[in-house]
Amino acid sequence: MLHSQRTLVSIIIPCFNAAQWIEEAIESCLNQTYPHREIIVIDDGSTDNSLEVIQRYYGQITWETGKNRGGNAARNRGLKLAKGDYIQYLDADDFLLPDKIAQQVQYLEATGTDIVYGGIQYQHHLLNGHVRREPMTLPGSVGQSDNILKALIMYGCFPPSAYLFRKSVLENIGGWDEELKAGQDRDLLLRLAIQGAKFRYQSGAVAFSKTRQKLSTKQVLLAVETVTLPYLR
């Protein structure tokens, strides 16, 4: 456990027009019980006051801003800046539970796996001002599957905040595909699985993901088709 407490974890947050949520995301990183971490926020050309919120954390985080190039470009830029051996991605409108990183670092090092992931709770913000929470579920229990590649194609994946990665496996596949406009998470995980990265599931919720406006069925099917078909040929 002593070694785990020394291993640096880089938390990478891509941000685009998330002024309403980015503070909660950053605070959830600062409140991690795991002490050896760095927080990297990449502002992707926000036009709201996201940058003002980010700059309040001067001295506590590393941040950059530039023109809008998309979330995957921001994630790759964060990966390039990262000094840690382990990588945690966090969308700007999501947040981590306090023990998330501590538990997953310990699990990674105890098992020798490359990628560990846990459960996600959805946080629905209703029109009446109330908040409703529910666990995200995937058919077929992806976490228990012996064939992660098959599971990713058939059932999908959890949001990026669920995972903790060894930096080396991300670098080995060249990071995120900056040309993709949809299905980016699944594409990344599929490429990792094809390259032989070892995945392990650790039970229990580790993060909250706020619900967004839903895509149409046609948009969802198109995204799935775009990402998965190349792996089925």
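Here, each number is a calculation from the coordinates, and none is a lab measurement. No experiment lies behind these values; they were computed from the predicted model shown. Here the Cβ positions follow ideal geometry from the backbone for every residue, glycine too, while neighbour counts run over all protein chains shown.
Here the Karplus curve 6.51 cos²θ - 1.76 cosθ + 1.60, taken at θ = phi - 60°, turns the phi angles of the stretch 89-100 into couplings of 9, 9, 5, 5, 9, 10, 8, 9, 6, x, 9, 3 Hz, with x standing for Gly and Pro.
As a length-normalised measure over Cα pairs under 8 Å and 6 or more apart, the relative contact order of the stretch 1-102 settles at 45 percent. Amide H to amide H, which residues 5 or more places from Y57 or on other chains are under 5 Å from it, using H placed in the peptide plane? Distant-sequence amide H within range of Y57: zero hits.
Residue by residue, the stretch 191-200 carries 3J(HN,Hα) couplings of 5, 5, 5, 4, 7, x, 4, 8, 9, 9 Hz when phi is fed to the Karplus relation 6.51 cos²θ - 1.76 cosθ + 1.60 (θ = phi - 60°); x denotes Gly or Pro. Each residue in F199, F165 was given a count of other beta-carbon atoms within 10 angstrom of its own, and listing them fewest first yields F199, F165. Amide H contacts of R37 (H built 1.01 Å from N, in plane; Pro and chain starts excluded): V9 sit under 5 Å, all sequence-distant by 5 or more or on other chains.
Measuring against 27 Å, Cα to Cα, the residue pairs K67/K198; K100/K198; K67/K100; K67/K181; K80/K150 contain K67/K198; K67/K100; K80/K150 as the ones spanning a longer distance. Multiplying the residue separation of Q121 and L81 by 0.36 nm and subtracting their alpha-carbon distance yields 11.5 nm.
Counted by Cβ distance under 15 Å from P98, the other residues give a net charge of -2, where Lys and Arg count +1 and Asp and Glu count -1.
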